[in-house]
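Here's the structure, in structure tokens; my notes come after.
FYI, it's all coordinate maths here, none of it is from the lab. Predicted model, so just to flag it, every value in this text is computed and none were measured. Neighbour counts are summed over all protein chains in view; Cβ atoms, including those assigned to glycine, are modelled from backbone coordinates with ideal geometry.
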Amino acid sequence: MTTTLYAGLAGDTDPGRFMSSGLLRSRNSGAWERIETGFPDVPQTFALLADTRRPGEVFAATHDGIFRSADHGDSWTRLDAPKPEFAVWSLIRHPHEPDTLFAGYEPAAIFKSTDNGRSWRNLDVAVGYPAITAGMPRRITRIAVDPSNTDRIYASIEIGGLIMSEDGGRSWRQALDGLYVVEDAVDLHSVLVDGKGKVSVTTRVGTFQSSDHGRRWSKLPVPALREKGSYCRVLGQGPADTLYLGAGNDFDGDLGGFFRSTDGGASFHRLDLGAPLKSTVFAMAVDQVDPERLVCSDKFGHVFQSDDAGDSWRSQPLPRGIGHVFSIAIG
């Protein structure tokens, strides 16, 4: 079986921030190659979606909309999804309905497809946001459907907290609000729901978890990579109670860390990937068939793969000078 890795380059859409563009692949651990044929221009690739159960198929969420390939990225077709004002930041598949997709946009909006991307409809996510975030950008960085109750859907917002629906997306409410003097804890980068309905979110000051659908939260003991807490970026679900976490010491940091918990988040250990991480880990993908197989990348394109839930790793860096990596996928 051919294993294909995909890596997407993008950046922050805020004015004055550095922005990269590009989309690459590697087949069976071979050399990385560009796969941008079919795009109107070189894409800013914020999210990728692939599945080893669907060989050849991969979706790319970009600044220009959502695109699909059926041939491992040799060619691409634009899907009939709305063109974003800034970017499509997130793209996920429903845990039990394989043709149902969700896409998260900037400004904050969520679109849903029930025919594998051929058509889309808007889910009205008009909600209130924490007052401390007034005037700040709001982008849907991740969407998660609770596998134990698929009417319950969460979406993390950078910068705007966590919104949730308990009726399959028909209505939404803010699930993370309170008394704040800074926006650190409502600057969310990822959300993950495990098979028991436990919700975890990443923020710029750590990772938090709720066992009661967002009513109460506790900070998880992620080792701090800076004084106020690790800049936590991306979460992945491993086998059983294993969680994977990519982090660093800032958005533009010079230190990255990859952590693993084997007890559902009660404790975390920093893993040795065999080479130093010189920037924050921004991208991760876990094989949905075999969750011991995963791949991650720091912002500067240092890509690492593991086949044993992170016990051992091999390196497959992108060509020198390529970054910023915002997305990665296994197909």
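Miscellaneous remarks
- Residue 136 versus residue 19: modelled label distance in nm, points set 7 Å from Cα along the beta carbon direction: 2.2 nm
- Placing +1 on the Cβ of every Lys and Arg and -1 on the Cβ of every Asp and Glu, with nothing else charged, gives segment 140-209 a dipole about its Cα centre of roughly 160 debye.
- Comparing 226, 68, 293 in a Gaussian network model of the chain where C-alpha atoms under 10 Å apart are linked, the largest mean-square fluctuation is found at 226.
- Each Cα pair under 8 Å and six or more residues apart adds its sequence gap; the mean of these over the residue count of the chain is a relative contact order of 13 percent.
- Where labels lie 7 Å past Cα in the beta-carbon direction, separation of residue 215 and residue 180 in nm: 2.3 nm
- Rounded Å value of the spacing that divides the Cα centres of segment 254-322 and segment 178-217: 22 Å
- Within straight-line cross-link reach of residue 278, aspartates and glutamates at Cα separation under 15 Å, skipping those fewer than 8 residues along the same chain: 250, 252, 254, 298
- Mean separation of Cα pairs under 8 Å and 6 or more residues apart, divided by the residue count, gives segment 22-101 a relative contact order of 24 percent.
- Applying a threshold of 32 Å to the alpha-carbon distances of 196/228; 112/228; 198/299; 219/299 flags 112/228 as lying beyond it.
- Segment 1-123 shape via C-alpha gyration tensor axes, a/c threshold 1.5: oblate
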